[in-house]
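Down below is the structure, laid out as structure tokens.
Every read-out reported here was derived from the displayed coordinates using simple, explicitly stated rules and does not represent laboratory data. Because the structure is predicted, anything quoted here is derived from the model rather than measured. FYI the Cβ positions are ideal-geometry reconstructions off the backbone, even for glycines, and counts take in every protein chain you see.
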Amino acid sequence: MPSASPLIVTLDGPAGVGKSSIASRLAGELGIAFLDTGAMFRAAAYTLGEGAWDWTQGILQQKLGDFEFTLRGSGKDTELLLNGQPLPEDIRSEQVGQWASQLAVVPSVRAYMKMAQIFLGQTTPLVAEGRDMGSVVFPGAKFKFFLDAAPEERARRRFRQLEALGKPADLEAILSGINQRDDQDRNRSIAPMKPAEGAVVVDTTHISEGEVLAEILNTVRPPA
Ligand code: DC
């Protein structure tokens, strides 16, 4: 008898909507790993450096051929490794986010990431979060969600996060970065960010993270 494929829950949505935090909590509730695919694009952008999006497809393919992403652990302790090493904190900067968004339009980069993500999902049950998890990478996922929130609210959340970390932040600059990334991620020709067919769309503008998590769990693990 063929063995059942691992459980996949997809969580897509725009920058700053809180996907990573919800994905890690959801993975903890389900006792499985979470895959932060934005971190994969960020790690590639950071490692290859500014302007890599202008390289030829052949060079990019060759460079990405040296990348191997693996996962370790589960729930909030999930670790994503690149060639056996944890990803550096620097990938979280706004600038690396911008580079990642630019690199993410390149066909050979998307093809590589899709292959690496499918490979991880073949062996590991996952909460997979990103932009195209439900629409392109895991169209057959058992549960699909698309989280959204007004750009102003996402900018405020990011501003509060940075403040809590004691890092200087400029609300207007954050909002303009979010709008620019939304525009790039929504309007690219390959795998544009959009709710997947069959995805439950959750508008999180006026609800707390705990309420979003409860709504998702209600679908994934309905009360008996
Ligand atoms: O989720 P994030 O902000 O860390 O993602 C960084 C960028 O990576 C995002 O602006 C677009 C790209 N990305 C993508 O194209 N597809 C994904 N599945 C995840 C991220």
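Tabulated data for the structure shown
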| read-out | value |
| --- | --- |
| Two-site FRET efficiency, ARG186 against SER20, from Cβ-Cβ distance with R₀ of 22 Å, rounded to 0.05 | 0.70 |
| Lysine pairs meeting the criterion (Cα under 25 Å, 8 or more apart or interchain), as found in the chain | 16 |
| Fraction of alpha-carbon pairs over 25 Å apart in the chain - percent | 38 |
| Selected from ALA45, ALA164, ALA155 as most flexible by GNM, with the chain as the system and alpha-carbon contacts under 10 Å | ALA164 |
| Rounded to 5, percent antiparallel among DSSP beta bridges of the chain | 25 |
| Mean separation of Cα contacts under 8 Å, 6 or more apart, over the residue count of the chain: relative contact order % | 32 |
| Separation of alpha-carbon centers, region 128-157 and region 164-192, rounded to whole Å | 15 |
| Distant alpha-carbon pairs in region 18-140 (separation over 18 angstrom), percent | 50 |
| Cα centroid separation, region 71-120 to region 1-33 (Å) | 15 |
| ASP170/THR219 FRET efficiency (R0 41 Å; Cβ-Cβ; nearest 0.05) | 0.65 |
| Residue-by-residue Karplus 3J(HN,Hα) for region 183-199, coefficients 6.51, -1.76, 1.60, Hz, glycine and proline x | 4, 5, 6, 7, 9, 6, 7, 9, 6, x, 5, 6, x, 6, 4, x, 6 |
| Relative contact order computed over region 123-224 (Cα-Cα under 8 Å; 6+ residues apart), in percent | 39 |
| Gain on full stretching of the segment that runs from ARG92 to MET115 - 0.36 nm per residue minus C-alpha separation | 5.9 nm |
